[in-house]
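Worksheet for the structure shown next.
The values are calculated or read from the model by the stated rules, or taken from the named source; none is laboratory data. Model, not experiment: these values are computed from the prediction. Positions of Cβ are generated from backbone atoms using ideal geometry, with glycine treated the same way; all protein chains shown enter the neighbour counts. Accessible surface areas use protein heavy atoms only, side chains included; no ligands, DNA or RNA. Shrake-Rupley method; radii C 1.70, N 1.55, O 1.52, S 1.80 Å.
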Amino acid sequence: MKLGLIIIGAIFVNNFVLSQFLGICPFLGVSKQLDTAIGMSVAVTFVMGLASVICWMIQYYILIPLGIGYMQTIAFILVIAGLVQFVEMVIKKTSPALYQALGIYLPLITTNCAVLGVAILNIDTNYNLIESLINGVGGGLGFALAIILFAGVRERLELAPTPKALDGFPIAMLAASLFSIAFLGFKGLFSGLL
Amino acid sequence: MFDSIGLPVIVLGGIAVFFGIVLAYASKKFAVEVDPRVTEIRDILPGANCGGCGYAGCDALAEAIVKGEVTVSFCPVGGDDVTAKIADIMGIEADNTERQVARVICCGDKDNAVEKYEYQGIEDCKAAEMHAGGAKGCRFGCTGLGTCVRECPFDAIHIVNGVAVVDEDKCTACKKCIAACPKGIIELVPVSKEVRVLCKNQDKGKSVAEVCKVGCIACQKCVKACKFDAIKVENNVAKIDYSKCVNCMMCAEVCPTKTIYANFAKRKKAFIDEDKCIGCTICLKHCNFTAIEGELKAKHKVLDDKCVGCGQCALKCPKNAIEMK
């Protein structure tokens, strides 16, 4: 039951992009086309899930026993950077088309605050290993939900007769804000359950 | 002391080394072979990532060249030198496309063109275009408010006395000014072609003369003067077919309104090397201006005052005895 609540919570209620405003950079940068958005969200979900697990293990098996829990942020960034580099190599080998499409945003997952955010939130909320994994994957799926829905909207915006001053990025920002307001509707979804 | 400084250093260093080893192994395992020609071509390209070719940068263009999407001479900035080197890497002959430059087809500057009202709006051709096609009486002429100047990434176009003029040394034929000009009067022309008709006005001669002293009045004098059938009047304006034009500049000489411009200082003359000349009279027969004289078997002579430097004799001479200088 608790795992179910965590995953629903991570996807809808505390959606990383639309409720916590983490990971905005790839959310706006790679959401122009549905294909690349899907590729990006798969990569981010994978990195977030893996980062959650490895960061949890580093925190509880290395940092806390040695009494250097305050090095958490730096250690996590190190882990995430290594992971992203690894994912980049794998994607470059297995799917050059996706690698081309993601472009600069792939290495930018390194500095994606959603990834670092999920790792630190796992520790802060005292999740155990399984819960951290679920929260990480759930957060990634939430990111995927947001960016894929948004990519669909932006593909339509391309063809829409927008005012010239709002063409391109400005109208995307407006659309993103409306998205965020819509997701506020999930707030309080579980208030009766928890 | 050790606990507060040494321990974090060792632990984080250890983690870093561990990830380093994993990544080093992965980079071997997942190594992707890149076509070596891509890197070679990228090194030769100017590397300014100016985007003049339409690709995201020199890297993207190098890939497109290797894939065969575009020709080896696609970089508008690199010039012949770069093209030749790239052709060498790709193992093909460079197509000898001559360097092109943009030219503004209008010479109606402030002294010659009539203005129909005083424009005091935004200093931009596109804005002026909305007010009855700009202030200039001629609706085909250069508005002269410098939209193309602001567009040019190479500082190669300037407004001189109310008309845009291209600096041909700096122009890279990136076509940005062509896209920006609301009048559509900028064209790409091979750089060696010295003669140009600087008017696009399609109105009848009388209406043209009312709005511009140097507009083409379609008098047909240039058509008659051209011995190479390279100039035609279409839609009341003369137009040069550059595949036929040989830079003899006769059209510019006869043009009554001085609409056709040619830099007479660059006009060449034929010189016959008397050591090589065998007196075959071939050059003499091909000269449209009777500027060469001489009997069969005798050394020929060029009449300097008649020679216009069209270069036809030099092309036809079987002994390569004629030089254009």
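By the Cα gyration tensor, chain B has an equivalent ellipsoid whose semi-axes, rounded to whole angstrom, run 53, 34, 14 from largest to smallest. Reducing segment B:19-55 and segment B:168-212 to their Cα centroids gives an inter-centroid distance of 42 Å.
Among the trypsin sites (Lys or Arg not before Pro) within segment B:58-111, those in coil by DSSP and having at most 16 neighbouring Cβ atoms inside 10 Å are B:99, B:110.
Using a probe of 1.4 angstrom, how much of the accessible area of segment B:36-90 is carbon and sulfur, in percent? It is 48 percent, rounded to a whole number.
With protein chains left intact and a 1.4 Å probe, residues in chain A average 48 Å² of accessible area per residue.
When chains A and B come together, the accessible area they lose, probed at 1.4 Å and totalled over both chains, is close to 1500 Å².
From helices alone, chain A scores -21500 deg cm²/dmol at 222 nm; the rule is -39500 (n - 2.57) for each run of n ≥ 4 DSSP H residues, then divide by the residue total. For segment B:6-51, a reduction of at least 30 Å² in accessible area between the chain on its own and the assembled protein chains (probe 1.4 Å) is found at B:7, B:8, B:11, B:12, B:15, B:19, B:23, B:30, B:32. State which helices in chain A qualify, where a helix is a whole DSSP H run, it must extend 30 Å or more along its own axis by its Cα atoms, and its mean Kyte-Doolittle hydropathy must be at least 1.6. Correct list, ordered by number: A:34-57.
Size descriptor for the protein assembly as shown, Kirkwood hydrodynamic radius: 29.6 Å (Cα pairs only, one decimal).
According to the Cα-based calculation, Rg over Rh for chain A is 1.00, with Rh computed by the Kirkwood formula. In degrees, nearest 10, range 0 to 90: what is the angle between the Cα axis of helix B:79-90 and the longest Cα principal axis of chain B? Between helix and principal axis, roughly 60 degrees. Among the listed pairs B:110/B:200; A:93/B:67; B:268/B:297; B:258/B:306; B:170/B:316; B:183/B:227, those with a Cα-Cα distance over 23 Å are B:268/B:297; B:170/B:316; B:183/B:227. With all protein chains present, how much of the accessible area of segment B:98-192 (probe radius 1.4 Å) comes from carbon and sulfur, to the nearest whole percent? Within segment B:98-192, the accessible surface is 53 percent carbon and sulfur.
Sparse packing (at most 16 other Cβ atoms within 10 Å of the Cβ) combined with a DSSP loop state is found for the following GluC sites (Glu not before Pro) in segment B:95-158: B:98, B:118, B:123.
Residues of segment A:83-102 whose accessible area (probe 1.4 Å, heavy atoms of protein chains only) drops by at least 30 Å² once all protein chains are present, relative to their chain alone: A:86, A:89, A:92, A:93.
Here segment B:270-324 is treated with +1 on each Lys and Arg Cβ and -1 on each Asp and Glu Cβ, and its dipole about the Cα centre works out to around 240 debye. Note the angle between two axes, namely the Cα long axis of helix B:58-67 and the longest principal axis of the Cα atoms of chain B, as a number of degrees from 0 to 90, rounded to the nearest 10. Approximately 80 degrees, to the nearest 10. Axis angle, to the nearest 10 degrees, between helix B:7-29 and the longest C-alpha principal axis of chain B: 50 degrees. With Rh defined as the Kirkwood radius, the inverse of the mean 1/r over Cα pairs, the Rg/Rh of segment B:98-192 is 0.97. Exposure check, 1.4 Å probe, all protein chains in place: residue A:50 carries approximately 60 Å² of accessible surface. Legend: residues B:232, B:285, sorted from most to least accessible area (1.4 Å probe; ligands, DNA and RNA excluded), read B:285, B:232.
Distance between the C-alpha centres of segment B:248-274 and segment A:77-112: 62 Å, rounded to the whole angstrom. For segment B:197-266, taking Cα atoms only, Rg and Dmax work out to 11.4, 33 Å respectively. The trypsin sites (Lys or Arg not before Pro) found in segment A:115-194 that occupy coil by DSSP, while having at most 15 further C-beta atoms within 10 Å, are A:187. For segment B:125-165 versus segment A:1-69, the spacing of their alpha-carbon centroids is 54 Å.
Dipole check for the protein assembly as shown: with +1 at the C-beta of Lys and Arg, -1 at the C-beta of Asp and Glu, and the Cα centre as origin, the magnitude is about 1620 Debye.
When +1 charges are put on Lys and Arg Cβ atoms and -1 charges on Asp and Glu Cβ atoms, the dipole computed for segment B:98-192 relative to its Cα centre reaches about 280 debye. Only helices enter the 222 nm calculation for chain B: every DSSP H run of n ≥ 4 contributes -39,500 (n - 2.57), and dividing by all residues gives -8000 deg cm²/dmol, rounded to 500.
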